[in-house]
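Visitor: Dropping a structure here in structure tokens format, bear with me for questions.
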Amino acid sequence: MSALLWDSHCHLEDERFTGEVDAALARMAEAGVGSCICAGSDLDSSRRVADIAAAHANVYGVVGIHPHEASTFDEATLPTLAALLKAPRIVGVGEIGLDYYYDHSPRDVQRDVFAKQLEFAFEHQKPAVFHVRDAHGDVTDIFRAHKGRLPAGVLHCYTGSVESAREYLSMGFYISLSGTVTFPNARNIHDVARYVPLDRLLMETDSPYLAPVPKRGQRNEPAYVRFVAQRVADLRGIPLEELAAQTTSNVETLYGIGG
């Protein structure tokens, strides 16, 4: 396969990759994955993302406050994120959004912090990475409230319905699929993989989480995005190389990389 894949969302800054980032990137390259995007969850992890991106030419990053960490948001958060956006290969804001499954931060705080970071991304003309779990209704409401001031963005690790995907696509967003699309019983995600236009799809691992079949139960890593891409290509009935070429173009378009 000549077209290189992207892992559009991973967490090399996670402690499970401590001391192993270089080895993971070497395996990524061997698997035909050219680059990856590492995502922050709070200020500390966002700083680690910036450090990893600065040290590796094939690693890009996004920085932001995950809904789990929304309670940590204070008056110093946005100025710190603004400074990090100036670091080498930091290309967006994320991951941001709402998570009503775990509720690690109060929902009203999550909504407030999400709205502030959404506005922040728009003001800085950076794309945003959206984390949404059991909260599609409120996320859609917030998007509608910011109509006309929405950044470009992607629904990462998408596990929602085709109907929700249709609404996000109508707002101009991309949809990113992870290892969950390889799970045999994930029929709704299989439907989404077939439905989303090819020029609006991204591939990701969300490593170290959600290792795809046939790596279930292992620590996930960027090299394994090949399994995600192969499954999506099979579901769509297209060659892996075609999917790789288009999804690579999509990542680079969304984040303004290359060209």
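Visitor: For region 161-172, indicate whether the set of residues that are assigned to a loop (DSSP other than H, G, I, E, B), within 26 Å of residue 241 (Cβ to Cβ) and either open to solvent by 40 Å² or more (accessible area, probe 1.4 Å) or not aromatic (Phe, Trp, Tyr) (or both) is non-empty. Outline the logic, then answer.
Guide: Initially, region 161-172 is screened for residues assigned to a loop (DSSP other than H, G, I, E, B), giving 161, 171-172.
Applying the additional criterion that residues be within 26 Å of residue 241 (Cβ to Cβ) yields none.
Checked against the condition, which is being assigned to a loop (DSSP other than H, G, I, E, B), within 26 Å of residue 241 (Cβ to Cβ) and either open to solvent by 40 Å² or more (accessible area, probe 1.4 Å) or not aromatic (Phe, Trp, Tyr) (or both), region 161-172 yields no hits at all.
Visitor: Okay, moving on. Any chance region 137-145 includes a residue that's of a type in the set (Val, Ile, Thr), more than 16 Å from residue 167 (Cβ to Cβ) and in contact with a helix residue (DSSP H, G or I) (Cβ under 9 Å, 6 or more places away or on another chain)?
Guide: Initially, region 137-145 is screened for residues of a type in the set (Val, Ile, Thr), giving 139-140, 142.
Next, from what is left, pick out any that are more than 16 Å from residue 167 (Cβ to Cβ): none.
The answer is no; no qualifying residue exists.
Visitor: Another question, if that's okay. Restricting to region 26-50, what's the tally of residues that are closer than 29 Å to residue 242 by Cα, assigned to a helix (DSSP H, G or I) and within 18 Å of the chain's Cα centre (by Cα)?
Guide: Step one: of region 26-50, the residues closer than 29 Å to residue 242 by Cα are 26-39.
Retained after the next criterion (residues that are assigned to a helix (DSSP H, G or I)): 26-30.
Add one more test, that the residue is within 18 Å of the chain's Cα centre (by Cα), and what stays is 28.
Adding up the residues that qualify gives 1.
Visitor: Can you work out which of the residues in region 122-148 that are assigned to a loop (DSSP other than H, G, I, E, B) and closer than 21 Å to residue 253 by Cβ is most open to solvent (accessible area, probe 1.4 Å)? Walk me through it before giving the result.
Guide: Step one: filter region 122-148 for residues assigned to a loop (DSSP other than H, G, I, E, B), giving 124-127, 134-135, 146-148.
Still in the list and also closer than 21 Å to residue 253 by Cβ: 124-127.
Values: 124: 79, 125: 166, 126: 57, 127: 11 Å².
Looking at residues that are assigned to a loop (DSSP other than H, G, I, E, B) and closer than 21 Å to residue 253 by Cβ, I get 125.
Visitor: Need the failing condition index for residue 81 against (1) open to solvent by less than 10 Å² (accessible area, probe 1.4 Å); (2) closer than 28 Å to residue 55 by Cβ; (3) part of a strand (DSSP E or B), just the number.
Guide: (3)
Visitor: Just name the residue that is surrounded by the fewest Cβ atoms within 10 Å (Cβ to Cβ) out of those in region 51-68 that are in contact with a strand residue (DSSP E or B) (Cβ under 7 Å, 6 or more places away or on another chain) and outside any strand (DSSP E or B).
Guide: Pass one, region 51-68, residues in contact with a strand residue (DSSP E or B) (Cβ under 7 Å, 6 or more places away or on another chain): 52-53, 58-68.
This time we only want the ones that are outside any strand (DSSP E or B), so: 52-53, 58, 64-68.
On the way: 52: 20, 53: 26, 58: 16, 64: 32, 65: 31, 66: 24, 67: 29, 68: 18.
Ranking the qualifying residues of region 51-68, first place goes to 58.
Visitor: Scan region 173-210 for residues that are under 25 Å from residue 146 (Cα atoms) and either open to solvent by 10 Å² or more (accessible area, probe 1.4 Å) or part of a helix (DSSP H, G or I) (or both) and jot them down.
Guide: Once the filter is applied, which keeps residues that are under 25 Å from residue 146 (Cα atoms) and either open to solvent by 10 Å² or more (accessible area, probe 1.4 Å) or part of a helix (DSSP H, G or I) (or both), region 173-210 yields 174, 197, 199, 200.
The values are calculated or read from the model by the stated rules, or taken from the named source; none is laboratory data. Small disclaimer: the values here were computed from a predicted structure and weren't measured. With ideal geometry, Cβ positions are generated from the backbone for all residues, glycine too; neighbour counts draw on all protein chains shown. Keep in mind that these areas ignore ligands, DNA and RNA; they rest on the heavy atoms of the full protein, side chains included. Shrake-Rupley method; radii C 1.70, N 1.55, O 1.52, S 1.80 Å.
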